Every structure is written in C-alpha cells, then in structure tokens.
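Rule-based calculations on the coordinates, nothing more; no lab input. All figures in this text were calculated on a predicted structure; none of them were measured in a lab. All Cβ positions, glycine included, derive from the backbone under ideal geometry; neighbour counts span all protein chains shown.
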C-alpha cells in the first residue's frame, strides 16, 4: 500500500535529534553488522596462514598498508564499542541500570572504556612491533 | 477438557503455545556474548603483543595448545553470535516473508561455511607442522 500522507513521520530523523541512548543503540546494531563482515577478514588471514607463507605475505601486505591500518583501527574500535554496549545489555538483562539517568551515565562510561581499550591495544601493538 | 484453559481451541488443535523453547534464541545470543567477552580481549591483546605479524610469528603463536583452543572457541562463538544477531536484523527490516527466509538461510549457510574454513585452517596449522 502506497504511503500518501505527506506529513513527516515520527521520529522524523532529519529534524529529530536522537538522544544518546538511541544513538548508542543504533551504533550497537551497526557495529554488530560491520563486525560480522570484518570477521571474514580473520578467516581469510587464517586460511592464508594454513595455505603457506606466500599466501600469508599478501595478508601482511594488505594489513601493513595505510588502508589496512585504517580498517584494523576501525575494526578494533567497533569491536570494543560493541563489547561494551553488549556488556551493558547483559547488565540490563539482569534488570539493573534501566533508569533514564543511569543509562545516560553508563553510556558515557562505556564510550570512555571502549576508547581506552582501543587506545591500549594500539599502544601495545606499536610498542611491541 | 479444562474449560478454564486460556489457550484458544485453534491453538490447541495446531499444537501451538508453550513449547518450552521460546527463550532459546535469546539465551544463546547472551551466552555466546558472555563467552566472547574474554575471548575477544584475549584475541586482540595477543595479536597486539606480537613483535611482528609475519607467517612464522603468527603460526608459531597459533600452534600452542592454548592459543589453538581459544582460537577455535573464538571462531565458533563469533559466527554463532553473528548469525543470531544478523537474523534479528533481517527479521526487523525485511518484511517480505520469502526474501526474509531466503536471507536468513543464506546468512546461516555463510556463517557455517566461513567458520568451518576457519576451523579447518586452525587444525591444518596445528597438525601441519612448519610449512
């Protein structure tokens, strides 16, 4: 059935500013989809390592390019973000922290933790490598 | 027959109602998530701590029994969790029933295929010896 009503639908996303809780929720789902696709890269790397040094050399070349670093950096950031929002979901499943004020507070805390974990991982990567 | 039953006659005939398994998707989604918390952190920090990401370093790391076992668990949990998550996303946004079913089956097949490739690769690296 065609939608004929010209009035904006609620929530009208171009006008309505999503609250942080909604933004984090959308990003949790978005990063989940992105990570699913990114996990294919891990399998490619494993299959290449199982095939031999020549195949793995290609993985290494791709990973050590600026584009590879950009993807890896985005991937770790998305991974830790999804992990932190996921942990919050598990806490919510226990019936804790569901009040509006605590969701706002935990939202800020989880973003800080995700950024810290991302920075820590890359700090180790650059000092080890 | 109990006339006070809350189940509709049609529901009774079709055998609908509680099958004692309605929470399975929900529970497995959470349990794989729980397992992935330590596995993800282990995986990221192990790779980050490698002096370099070349063939010898990577395969030597993976050949240790602990790394190989945790890697196998990571693969299984990741793609099980990804399948359950993507299924929910498809169910939410794809309204056409035929397309929805086809998409969910496709995602399931891809997740199984990809995780088997990963598992076979890990096994080959462990038992294959130095390539």
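Largest GNM mean-square fluctuation across A:24, A:46, A:35, computed for chain A with C-alpha springs under 10 Å, falls on A:46. Annotation for the range B:4-76 versus the range A:24-82: alpha-carbon center distance of 18 Å. What does the helix-only formula give at 222 nm for chain B: each DSSP H stretch with n ≥ 4 adding -39500 (n - 2.57), the total divided by the residues, and the result rounded to the nearest 500 deg cm²/dmol? Dividing the helical sum by the residues of chain B leaves -26000 deg cm²/dmol.
The angle between the Cα long axis of helix B:97-127 and the longest principal axis of the Cα atoms of chain B comes to about 30 degrees, rounded to the nearest 10. Counting Cβ atoms of other protein chains within 10 Å of each residue's Cβ and taking the mean over peptide A:33-40 gives 5. The angle separating the long axis of helix B:65-93 from the principal Cα axis of greatest extent in chain B is about 40 degrees. Put a dot 7 Å past the Cα of residue B:12, heading toward its Cβ, do the same for residue A:70, and the two dots end up 6.5 nm apart. Debye-formula intensities of the protein assembly as shown, expressed as log10 I(q)/I(0) at q = 0.08 Å⁻¹, are -0.43 (one equal scatterer per alpha-carbon, no solvent). If I fit a long axis through the Cα atoms of helix B:24-48 and take the longest principal axis of the Cα atoms of chain B, what angle between them do I get, 0 to 90°, rounded to 10? Compared with the principal axis, the helix lies near 10 degrees.
Residue by residue along B:49-59, Cβ atoms of other protein chains within 10 Å of the local Cβ number 5 on average.
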